[in-house]
Amino acid sequence: MDCILTLDIGSSSVRTLVFSFDGTALDGCGIQIPYQALTSEDGGWESEAPELSGIVVDALTRTCGQLRARGIRPAAVAVDTYWHSLVGIDAGSHPTTSILHPFDSRSSKDALLLASRIDNLGQHARTGCMLHPSYPPPKLLWLSQTQPGAFAATRRWMSVGEYLFLQFFGVPAASTSMVSAGGLWDQNRGDYDEELLAALPVRREQFADPGTLDQPCTALLPQYRALWPELDGIPWYPALGDGACDNIGSGCTIRDRWALMVGTSGAMRVTIESPSVEIPPGLFCYRVDRKRFVTGGALSNGGAVYAWMKKILRLPDDAEVERQLAGMTPGLHGLTLLPLFAGERSTEWRMDVRGAISGLATSTTPMEILHAGLESVALRFRNVYEILEKTFGPPQDLIGSGGALLRSPVWTQMMADTLGHSLRMCLEREATSRGAALLALERLGAIPDVSALPPQLGDAIPPDPGRKELYLAALQKQRRLYKHLFEEN
């Protein structure tokens, strides 16, 4: 039983892994099952709860087969999911709505309506969340108007993790981590924000009871006990936010070691162990657990920018792209790009803005557009970096993670050059799942603290001092373009 089974519910796949008590992922154990969310032209981004539950059941069933073959029985199950999900559940524990993803933007007008009712900046200082369609409050208002029957039938509003625990245990167990990122939680008071609740057509009892948060479940319902006997009678810890787990798994457990994650989206985050926190304007702030906060900035457009350009510009294979990018000089393309294809989260939190390219000429090549696009994402991270630096001082370490960076050393170097700070890549197999496992080990008492098992890190990638002024000039050009397009008009 000297191992932890992790269950990661991402926005595009369900993954299981098994970690030993030294924080190492076991080879030959784990399943990844991809799935696609349902999207629509009006900004919809959702999944059907029963279908996602079926995928999770399949992944766990196949993983238990692997465990039996090796004679392994885990000591606990650690779960993480993407933050800000929302699903309604009726009195019979059936979904009344689809699972709404943070990228679902259909509630953009409702976010503006809420901001006209209450002080957006004031509530952000309490909740760490802006009135933005990526968070549940505007979605709740939108659902009340567009799906009134389903809204009226809803007894409980919950995250995808709570829904899965309801299915497997009959109890919608929730964590402080997940509730804190729902846009309704006062981070320092540790309770729901009364002003926000009053501005919405919901009741406090429709959300997780603060007094029951973080309690593990152990007794699976009979049908799942028969299916997964290895997982019955051991603690299943309520789902944590994937971003919090990524920080822990990549070793960013203290305030002077920052995490830079670039996957499909992107984030720069700082973990703070403190009784309270002052939330920086423009950034988010949630909880890792009852004793730790995590604050930083989120970009909707990270690796998605590369994926979009590769498809639209018909670029060569990744190896050839990397080779050509390595030979290009910053600024020579003459382009200024805003990579806001899916709107903006940090730092202005505007959903009405969109991507833009300035400086195109008849001689501009697809590779130059890609080069400018990757630089533009790094420049957006610079905005987040500057706010964090002003609040906490410069970091001692900057740790990178995420498939987009791991696949592109050139982009990783761009990040170091743009931020003006050395960057070390986390070499762990899955930093997010590892973080969930470490937090479970800490709760079990198997380790004194999550920092006791540091991750494997690559060599430091220093910034190129010869590119400092080039990227500072590019940053000012990007800011001027943003101001001209979205603030002056």
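Scan segment 448-478 for residues that are over 23 Å from the mean Cα position of the chain (by Cα), among the hydrophobic types (A, V, I, L, M, F, W, C) and farther than 19 Å from F381 by Cβ and jot them down.
A452
For segment 18-120, list the strands (runs of 3 or more DSSP E) that sit wholly inside it and hold at least 1 residues that are farther than 25 Å from D232 by Cβ; which are they?
32-34, 45-47, 87-89
Return only the number of the condition from (1) surrounded by fewer than 20 Cβ atoms within 10 Å (Cβ to Cβ); (2) in contact with a Pro (Cβ under 8 Å, 6 or more places away or on another chain); (3) more than 30 Å from R73 (Cα to Cα) that E205 does not satisfy.
(2)
Could you grab the pairs with beta carbons closer than 6 Å, sequence gap of 6+ or different chains, first residue in segment 207-226 and free of Cβ contacts under 8 Å to residues at least 24 places away in the same chain, second one assigned to a loop (DSSP other than H, G, I, E, B)?
T218/G233; T218/P235; R225/D232
In contact with a strand residue (DSSP E or B) (Cβ under 9 Å, 6 or more places away or on another chain) and modelled with pLDDT under 95, is that true of P133?
Here the answer is no, as P133 does not meet what is asked.
Considering only residues of segment 428-472 that are closer than 20 Å to D80 by Cβ and among the acidic types (D, E), which is surrounded by the most Cβ atoms within 10 Å (Cβ to Cβ)?
Step by step, filter segment 428-472, then rank; the result is E430.
Inside segment 401-427, can you point out the residues that are within 25 Å of R15 (Cα to Cα), surrounded by 22 or more Cβ atoms within 10 Å (Cβ to Cβ) and either hydroxyl-bearing (S, T, Y) or at pLDDT below 95 (or both)?
S401, G402, A404, L405, listed by residue number.
If you take just the helices (runs of 4 or more DSSP H) that sit entirely in segment 221-323, which of them hold at least 1 residues that are surrounded by 22 or more Cβ atoms within 10 Å (Cβ to Cβ)?
242-249, 303-312
Please verify whether E375 is farther than 17 Å from W258 by Cα and of a type in the set (D, E, K, R), treating the condition exactly as stated.
Spelling it out, E375 is indeed farther than 17 Å from W258 by Cα and of a type in the set (D, E, K, R).
Being closer than 30 Å to W185 by Cα, of a type in the set (D, E, K, R) and in contact with a helix residue (DSSP H, G or I) (Cβ under 9 Å, 6 or more places away or on another chain) is the filter here; which residues of segment 280-335 pass it?
Matches in segment 280-335: R287, D289, R290, R292.
The values are calculated or read from the model by the stated rules, or taken from the named source; none is laboratory data. Because the structure is a prediction, the values reported are computed rather than measured. As a convention, Cβ positions derive from the backbone with ideal geometry for all residues, glycine included, and neighbour counts pool all protein chains shown.
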